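Structure record follows, encoded as structure tokens.
The values are calculated or read from the model by the stated rules, or taken from the named source; none is laboratory data. Worth saying up front: this structure is predicted, and the values here are computed from it rather than measured. Heads up, the Cβs are rebuilt from the backbone with ideal geometry, glycines too, and the neighbour counts pull from every protein chain shown.
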Amino acid sequence: MSNLRTLGEFIIEKQHDFPHASGDLSSLLSSINLAAKIVHREINKAGLVDITGAAGEENIQGEAQQKLDVLANDTFKAALENRDQVCGIASEEEDDFVSFDSELNKQAKYVVLMDPLDGSSNIDVNVSVGTIFSIYRRLSPIGGLTEARDFLQPGTEQVASGYVIYGSSTMLVYTTGKGVHGFTYDPSIGSFCLSHEDMRIPKQGFIYSINEGNYINFPAGVKKYLKYCQEEDEAGKRPYTSRYIGSLVSDFHRNLLLGGIFLYPSTRAYPTGKLRLLYECNPIAFLTEQAGGEATDGEGRIMEIKPGELHQRVPFFAGSTDMVKTLHGFLRDNPDQY
Ligand code: P6P
């Protein structure tokens, strides 16, 4: 019991890493902590209560909204608004950014972008899903409402990012730019407890994660990379294996622990890639780089992309440095689109 360190204690302890920390970010992170526990509770009883299945609405992506999508979005939005550290949010489930207009919220200095329940189409088949969040300092003047520029910042400006994975156990993994730390939820005490301090992704991995159902439409360089992974090496061995869950947080979390590369290239259905830059790729890219890996769009760092619009999609390749570099070689040598 003595070495138990809860997320709350860890946040406070690490707050001293930031000499000018006023505690606002710590308070913001603890509101995410609270919302994650509520969503954990709802997901874990989803099969029992008539809360799974589509909510009958569509989000801006034209995707059928699952009831838990809506619940997760509303839970995180309320938790962030109530803690007065956040002046506005953007979400996969919201058409546009949302300004919090109370006097207290207008004085806040942070904005949060989130995918409240990523992979939600997997809920009804009991596959792990996740919440992804990204935190920035606002650019608009304190005291006013948020503006688009607060949300359209490059990923290099992120103050913190992280995810909650609702899997066989629920974990919260986050970074504030001082390494990546993982906490496992213990329902018996209602706390996230430090279980993975300073997570590092292996430099070389042997797992590649991609939806090969789209193979015919992949860029030539991606096709060549996949064939490279599937061929035997000089010793007649085939070290690579394919693992794909279809839930970004789950696929990324496994590769973070074991080493590997996640690929979502452009396809015919998604000519600029399927994953969203602001609330999927940037937060995962921040974690990847903080854990010693690389995250690119096939050419440059994901985090250096200047966003054009809130729900912008990009090609996304993230994981073990050596694997990303090998992929880049194939992309460079095979520039044709298909
Ligand atoms: P596909 C889930 O819908 C998601 O946004 C990510 O979590 C996941 O990595 C990807 O889409 C899966 O897409 O086309 O392989 O089903």
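Quick notes on this one:
- The set of residues in the range 142-156 being assigned to a loop (DSSP other than H, G, I, E, B) and of a type outside the set (V, I, T) consists of G143, G144, L145, E147, L152, Q153, P154.
- Restricting the range 114-139 to residues that are over 15 Å from C281 (Cα atoms) and assigned to a strand (DSSP E or B), the residue that is farthest from the ligand (Cβ to nearest atom): R137
- Residue that is farthest from S121 (Cα to Cα), among those in the range 256-269 that are touching a helix residue (DSSP H, G or I) at 6+ places or on another chain (Cβ under 9 Å) and at pLDDT 95 or above: G259
- Residues of the range 255-287 satisfying the condition of being in contact with a Gly (Cβ under 7 Å, 6 or more places away or on another chain), within 25 Å of Y215 (Cβ to Cβ) and surrounded by 20 or more Cβ atoms within 10 Å (Cβ to Cβ): N255, G259, G260, I261, F262, Y264, P265, S266, A285
- Residues satisfying the stated conditions in the range 222-247, i.e. away from the ligand (no atom under 16 Å from the Cβ), under 18 Å from S320 (Cβ atoms) and assigned to a helix (DSSP H, G or I): Y225, Y228, C229, Q230
- Yes/no for A318 being touching a Ser or Thr at 6+ places or on another chain (Cβ under 7 Å), away from the ligand (no atom under 12 Å from the Cβ) and either assigned to a strand (DSSP E or B) or under 19 Å from G205 (Cα atoms) (or both): no
- Considering each residue of the range 174-191 in turn, at least one proves to be more than 16 Å from the ligand (Cβ to nearest atom) and among the aliphatic types (A, V, I, L, M).
- Residue count, the range 271-301 (criterion: in a loop (DSSP other than H, G, I, E, B) and within 8 Å of the ligand (Cβ to nearest atom)): 2
- Candidates in the range 1-21 are the residues that are out of contact with any helix residue (DSSP H, G or I) (no Cβ under 6 Å at 6 or more places or on another chain) and among the polar types (S, T, N, Q); of these, the one that is modelled with the highest pLDDT is T6.
- Filtered residues of the range 248-265 (kept if free of Cβ contacts under 8 Å to residues at least 60 places away in the same chain and either near the ligand (Cβ under 8 Å from one of its atoms) or part of a loop (DSSP other than H, G, I, E, B) (or both)): D251, F262, Y264, P265
- Members of the range 190-207 found to be within 20 Å of S168 (Cβ to Cβ) and in contact with a strand residue (DSSP E or B) (Cβ under 8 Å, 6 or more places away or on another chain), listed by number: S191, F192, C193, L194, S195, H196, M199, I207
- Residue list for the range 175-196, filter: of a type in the set (S, T, Y), part of a loop (DSSP other than H, G, I, E, B) and under 19 Å from D17 (Cβ atoms): T176
- When residues of the range 140-170 are limited to those that are within 16 Å of the ligand (Cβ to nearest atom) and over 11 Å from the mean Cα position of the chain (by Cα), the one surrounded by the most Cβ atoms within 10 Å (Cβ to Cβ): Y166
- D84 at pLDDT 80 or above, in a loop (DSSP other than H, G, I, E, B) and either out of contact with any His (no Cβ under 9 Å at 6 or more places or on another chain) or charged (D, E, K, R) (or both): yes
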